[in-house]
Amino acid sequence: MTTPADLYARALDACQHGQWQPAIQLATDLLGQSPQHAGAHYVAGAASLELGRIPAALGHLDRAVALEPKRVQFAVTRARALSMAQLPALEAAHAALQLAPSEPAQWLALGMVYAQEGEHQVAEPLLRRACVAQPRQASWHYFLAMSLTFLGKVDEAGDALEACLAADPKFWRAYFVRSQLRRQTAATHHLEQLELVLAEADGATAAETCLQMALAKEHEDLGHYGEAFAHYRRGKAAAGAGRRYAIERDEALFAAIADEFSAPPGAGGCPSEEPIFVVGMPRSGTTLVERILASHPQVHAAGELRNFALACKRFSGSHSPQLLDPRTVHGLGRTDWSALGAAYLASTRPRTGHTAHFVDKLPHNFLYLGAIARALPNARMICLRRDPRDACLGNFRQLFAPNSPFHDYSYDLLDIGRYYVLFDRLMAHWQRVMPGRILELDYEDLVDRQEISTRKLLQFCGLPWDDACLHFEDHPSAATTASALQVREPMHRGALGRWRHFEAGLEPLLALLVEAGLIPGR
């Protein structure tokens with residue numbers, strides 16, 4: 001008979017060699033003999049995690065840590081699993097860190113958990129330590145560069161990206177991020193290198209996407225607007241290839257939302273006054289407002305949380321693969337709103353709760369404003385509005401995370417315009433159904449009349465005036481969005497009317513917006 005020790009050795013060896021299914025089978029056999037074998041639970045959990053079987057992974061890893069709480073690898077892997085499941089992972093990461101992890105892969109794993117939780121001040125030294133120990137791991141340097149970027153350490157982020165590309169010249173995303181770090185000049189640009197690398201990339205989709213977008217950004221910085229627009233178009237077309245997006249899908253979703261939330265919110269819900277939701281089309285100034293609010297001593301910036309969307313999915317009872325679809329929306333009609341609001345708040349801990357209020361700045365929460373009003377009747381809701389031409393262009397210029405559930409519309413200029421029309425109509429619906437519940441703030445007013453708009457914002461949130469809110473660029477916390485570098489600059493008008501540089505290429509979009517009545521005709 002095979003002994004438990006032999007089974008464990010074989011299971012662990014299979015796991016270490018990436019043989020996930022055999023590792024699970026061997027661990028399962030061992031658990032049949034020894035149900036309390038912590039190592040078997042760890043192997044089954046770690047292998048399940050690699051196969052994307054998150055619930056099974058968490059079940060085994062919870063058991064492994066409960067049986068042997070001092071085993072650092074068990075604790076690190078459990079923290080990683082919680083993060084991958086988009087569940088609160090900070091407490092698990094803290095517990096793992098206190099066990100003094102000693103291996104580069106453990107430093108990396110914990111660094112990525114802290115980064116995912118927005119704790120880049122903790123993530124950075126862990127990631128840096130891992131990179132020093134394993135300098136040829138390109139992806140590790142990239143992860144470090146991202147944390148450094150969010151912390152505003154531009155020069156160090158640039159060094160980390162160069163180390164990434166030195167280790168792997170085909171780490172395409174690093175070229176794109178490098179182009180975003182600073183405004184390129186005639187003396188500092190990378191155009192020749194990018195063109196050369198693109199010519200040698202053999203048409204790989206990821207290369208075409210990232211290199212074209214990097215070229216677009218650098219041409220734009222140099223004032224070559226025609227060339228920039230051509231590269232933006234090619235880059236976004238490559239990124240959107242194979243997605244089969246159809247605006248009809250979002251039209252059906254928006255219609256379902258308006259139908260399900262067609263009446264004013266009733267009584268009930270979780271009474272907490274902590275959350276401040278900042279929403280709007282991406283690239284409309286939501287990060288700027290988050291930084292202004294976070295500069296107030298009573299407010300903590302929690303970043304872009306999917307927690308409310310995940311709570312809605314769970315409470316809807318829908319098992320459809322999409323995070324939000326008509327079936328999920330209509331499932332919310334039977335929701336216990338007080339329980340949903342309480343579950344949302346609980347899911348944000350310990351990331352929130354540092355101050356009297358926290359900002360949840362997920363732009364696409366504009367889809368959930370009706371649900372937010374029911375679940376959290378005392379939450380503040382702020383929507384950023386921006387000139388539709390600049391807002392649509394901003395979405396076209398940005399390369400969003402490819403696995404995002406919210407940005408499928410962003411790869412085609414006319415799809416962006418059509419989506420903006422849906423957004424505008426939904427916001428009008430919310431204002432009809434919930435008059436006075438949502439503050440709509442114009443980005444242009446915020447830039448041109450900073451103090452007046454800031455006072456209006458703080459008053460709406462029930463916050464006393466604080467001069468620090470006029471100097472948001474001095475706030476030391478990490479900014480974890482595409483605007484991480486811009487919001488470390490004082491307020492300026494540089495982004496107003498950017499669409500005029502690209503007017504010729506935007507003609508079809510402008511015609512669509514005129515027809516929708518969103519901009520004046522010419």
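The values are calculated or read from the model by the stated rules, or taken from the named source; none is laboratory data. Everything numeric here is computed off the predicted structure, so don't read it as measured data. Glycine gets a Cβ as well: all are built from the backbone with ideal geometry, and neighbour counts include every protein chain shown. Accessible surface is based on the protein model in full, side chains and every heavy atom, while ligands, DNA and RNA are left aside. Shrake-Rupley method; radii C 1.70, N 1.55, O 1.52, S 1.80 Å.
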Task: Hits in the range 457-472 - residues which are assigned to a helix (DSSP H, G or I) and exposed (fewer than 15 other Cβ atoms within 10 Å of the Cβ) - done: Q459, D467, A468, H471
Task: Residue in the range 112-134 that is most open to solvent (accessible area, probe 1.4 Å), counting only those that are within 14 Å of A93 (Cα to Cα) and outside any helix (DSSP H, G or I) - done: E119
Task: Number of positions in the range 155-183 that are surrounded by fewer than 20 Cβ atoms within 10 Å (Cβ to Cβ) and either part of a loop (DSSP other than H, G, I, E, B) or among the small types (G, A, S) (or both) - done: 10
Open item on the list: Restricting to the range 26-45, name every residue that is open to solvent by 10 Å² or more (accessible area, probe 1.4 Å) and within 34 Å of the chain's Cα centre (by Cα).
Closed with: H41, Y42
- [ ] Kindly provide the set of residues from the range 357-415 that are farther than 17 Å from E304 by Cα, open to solvent by less than 20 Å² (accessible area, probe 1.4 Å) and assigned to a loop (DSSP other than H, G, I, E, B), ordered by number.
- [x] L376
TODO: Name the single residue, out of those in the range 338-349 being open to solvent by 10 Å² or more (accessible area, probe 1.4 Å) and not charged (D, E, K, R), that is nearest to V289 (Cα to Cα).
DONE: L345
- [ ] Assess whether S338 counts as being more than 30 Å from F176 (Cβ to Cβ), over 19 Å from the mean Cα position of the chain (by Cα) and among the hydroxyl-bearing types (S, T, Y).
- [x] yes
TODO: Please tell me if A479 is assigned to a loop (DSSP other than H, G, I, E, B) and modelled with pLDDT under 90.
DONE: yes
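So that you can scan it fast, the table gives a plain yes or no per residue for (1) more than 25 Å from the chain's Cα centre (by Cα); (2) surrounded by fewer than 21 Cβ atoms within 10 Å (Cβ to Cβ); (3) touching a residue at least 40 places away in the same chain (Cβ under 8 Å):
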| site | (1), (2), (3) |
| --- | --- |
| Q193 | yes, yes, no |
| D202 | yes, yes, no |
| T209 | no, no, yes |
| M213 | no, no, yes |
| E218 | no, no, no |
| G223 | yes, yes, no |
| F229 | yes, no, yes |
| R234 | no, yes, no |
Open item on the list: Could you check the range 46-66 and list, in sequence order, the residues that are surrounded by fewer than 18 Cβ atoms within 10 Å (Cβ to Cβ) and on the phi < 0 side of the Ramachandran plot?
Closed with: E50, L51, R53, I54, P55, A56, G59, D62, A66
Task: Whichever residue in the range 315-332 is part of a loop (DSSP other than H, G, I, E, B) and either touching a residue at least 24 places away in the same chain (Cβ under 8 Å) or β-branched (V, I, T) (or both) and, among such residues, is surrounded by the fewest Cβ atoms within 10 Å (Cβ to Cβ) - done: Q322
Task: Checklist (1) open to solvent by 50 Å² or more (accessible area, probe 1.4 Å); (2) touching a strand residue (DSSP E or B) at 6+ places or on another chain (Cβ under 9 Å); (3) over 16 Å from A379 (Cβ atoms) applied to S284, failing item - done: (1)
TODO: Of the numbered conditions (1) of a type outside the set (A, V, I, L, M); (2) open to solvent by 20 Å² or more (accessible area, probe 1.4 Å); (3) free of Cβ contacts under 8 Å to residues at least 24 places away in the same chain; (4) farther than 30 Å from T209 by Cβ, S453 fails exactly one; give the number of that condition.
DONE: (2)
TODO: Look through the range 251-277, keep the residues that are under 21 Å from Y409 (Cα atoms) and open to solvent by less than 20 Å² (accessible area, probe 1.4 Å), and return whichever of them is farthest from the chain's Cα centre (by Cα).
DONE: A256
Open item on the list: Let me confirm something: among T335, T352, which residue is of a type in the set (S, T, Y) and buried (at least 20 other Cβ atoms within 10 Å of the Cβ)?
Closed with: T352
Open item on the list: Please determine whether any residue of the range 67-86 is part of a helix (DSSP H, G or I), among the basic types (K, R), open to solvent by 10 Å² or more (accessible area, probe 1.4 Å) and over 30 Å from A145 (Cα atoms).
Closed with: no
TODO: With the checklist (1) without any contact (Cβ under 8 Å) to a residue 24 or more places away in the chain; (2) open to solvent by less than 50 Å² (accessible area, probe 1.4 Å); (3) not basic (K, R) in hand, flag the one item V433 doesn't pass.
DONE: (1)
TODO: From (1) farther than 18 Å from F74 by Cβ; (2) open to solvent by less than 50 Å² (accessible area, probe 1.4 Å), pick out the condition that doesn't hold for T2.
DONE: (2)
